[in-house]
Amino acid sequence: MRVITHTVKDPEGVHALTAGGLIKIANEYSCTVTAQGRGGSVDLKNPFAVMTLGIKCGEVITITCDGDDEAEAEAALQRYMQVNL
């Protein structure tokens with residue numbers, strides 16, 4: 001299991017465009033990918049779930065990858081968040 005913890009720097013927080021990018025990347029891998037924030041936890045492969053977390057600028061999003069290709073998923077998601085969130 002791999003865990004990524006990231007403080008959101010985007011002034012808009014996790015919005016539709018950035019959530020869509022996370023979801024797209026998560027769906028490229030077979031491992032289970034979950035996102036946690038603001039007390040909730042969702043399946044990151046679900047197209048609308050991550051938006052329900054309502055993560056704002058300055059808050060932490062934690063992503064957990066668990067399965068066969070978890071290392072690859074972790075690396076791709078971490079790169080995306082560093083550039084876009």
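Nothing in this text is a laboratory measurement; each read-out follows from the coordinates by a stated rule. Keep in mind it's a predicted model, so treat the numbers as computed, not measured. Every residue, glycine among them, receives a Cβ derived from its backbone with ideal geometry; neighbour counts consider all protein chains shown.
Scanning the stretch 46-68 for residues that are crowded, with 20+ Cβ neighbours inside 10 Å and part of a loop (DSSP other than H, G, I, E, B) turns up Leu53, Ile55. Screening Tyr29 against (1) farther than 15 Å from Val83 by Cα; (2) of a type in the set (Ser, Thr, Tyr); (3) part of a strand (DSSP E or B) leaves a single unmet condition, (3).
Restricting attention to the stretch 69-85, and to residues there that are among the hydrophobic types (A, V, I, L, M, F, W, C) and closer than 13 Å to Asn27 by Cα, which single residue is surrounded by the most Cβ atoms within 10 Å (Cβ to Cβ)?
Going through the stretch 69-85, the residues among the hydrophobic types (A, V, I, L, M, F, W, C) turn out to be 71, 73, 75-77, 81, 83, 85.
Remaining after also requiring closer than 13 Å to Asn27 by Cα: 73, 76-77.
On the way: Ala73: 26, Ala76: 17, Leu77: 24.
Among them, the one singled out is Ala73.
Sub-8 Å Cβ pairs linking a first residue in the stretch 16-45 that is surrounded by fewer than 20 Cβ atoms within 10 Å (Cβ to Cβ) to a second residue that is among the basic types (Lys, Arg), at least 6 apart or interchain, are Asn27/Lys45, ordered by first then second residue.
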